[in-house]
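*Asks:* Shown below is the structure under consideration.
All of the numbers you see were taken from the coordinates with simple rules; none came from a lab. The model shown is predicted, which means the values in this text are computed figures rather than measured ones. Glycine also receives a Cβ, built like all others from the backbone with ideal geometry; neighbour counts cover every protein chain displayed.
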Amino acid sequence: MLIGGIAVITRKNPVHSALALIVALLAQASIYLMLYAPFVAGVQIILYAGGIMVLFLFVIMLVSIDRSMKERQFNSQWVVGMIAATALGGLFIAVYTKGKSIFPDGVPAIVEGDNTQKVANLLYGQYMFAFEIASLLLLVAIIGAVVMAKKRI
Amino acid sequence: MVPITTLHYLVLGAALFLLGVIGVLTRRNVVIVLMSIELILNAVNLNLVAFSHYWQSMPARLGGGPLALHGQIFSIFVITDAAAEAAVGLGILIAFFRNKETVNIDEVNLLKW
């Protein structure tokens, strides 16, 4: 997954970046399976790797002309960006080396059971309102995307 | 073999987040910046699911137990939001490309004084 992530930010051809991102997303789905979250892994493969990345590939084919691949690929403020990213990395290293003792050493033993049923119980029970709001958000996003891409409003 | 504790997943999530931030801050192509934003959201999802896995081993009176799947539900909503935002962002990109014929961030300066 890390190799896929590094390939996303360093490839010159945006199609290569999109394929590397698909590899990273599929690797992430397998990590979800290691954490016993099969429903989230399924949603990730279907929605993310099968929906969003296909959308990205369509837009890359519409938008990226060959001229953009021959130019420089790092923008004009990459020095400040790398400094900021190094500061963020230092913050992460400081947090994770100081707080290492909070997490127990063992691996929690999960009984392999009915994860999807429990997720569905919680989703339709306690988080029903958020579920409806998410569907409203998707409706707004669809209308917004159609309006943004029309030629004449 | 070293047992893979929660901390390992969190460090992996932090590394992915850092890669995404580097991609957002340093690349010129707008499409690759949007893909780095998706990397950031994936790192956040990994953190959420790792913590929900950790919560399932906590005692039930603290809120844990085998039903503590709140992190996984949150990550489902984050995936949904990422889909909506990717669609709208790509629509904006197409609308901008129709006017200016470029995908470089350095040339997105129509509002600059």
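*Asks:* For chain B, what does the relative contact order come out to in percent, with C-alpha contacts under 8 Å and a separation of six or more?
*Replies:* Details: 98 pairs, mean separation 28.8, N = 113.
Taking the mean separation of contacting Cα pairs over the length of chain B, I get 25 percent.
*Asks:* Also, I was wondering about something else. Please report B:19, A:2, A:138 as a ranked list, fewest other C-beta atoms within 10 angstrom at the top and most at the bottom.
*Replies:* A:2, A:138, B:19
*Asks:* For all pairs of alpha-carbon atoms in chain B, what percent lies in each bin of width 5 Å, listed from the first bin to the last filled one?
*Replies:* 2, 11, 15, 16, 16, 12, 9, 7, 5, 4, 3, 1
*Asks:* Radius of gyration and Dmax for the range A:1-67's Cα atoms, expressed in Å?
*Replies:* 13.1, 45
*Asks:* Starting from the Cα of residue A:12, draw a straight line to each of the lysines and keep only those under 20 Å, dropping any in the same chain fewer than 8 residues away.
*Replies:* Candidates past the 8-residue exclusion: A:70.
*Asks:* Please arrange A:56, A:92, B:51 by counting, for each residue, the other beta carbons lying within 10 Å of its beta carbon, fewest first.
*Replies:* A:92, B:51, A:56
*Asks:* About its Cα centre, what dipole magnitude does chain B give when the only charges are +1 on Lys and Arg Cβ and -1 on Asp and Glu Cβ, stated in debye to the nearest 20?
*Replies:* The calculation lands at about 100 debye.
*Asks:* Ratio to report: Rg/Rh of the range A:114-153, with Cα atoms as the point set and Rh obtained by the Kirkwood method; give two decimals. Don't skip to the answer; put the middle values down first.
*Replies:* Numbers: Rg = 15.7 Å, Rh = 12.0 Å.
Taking Rh as the inverse mean 1/r over Cα pairs, Rg/Rh reads 1.30.
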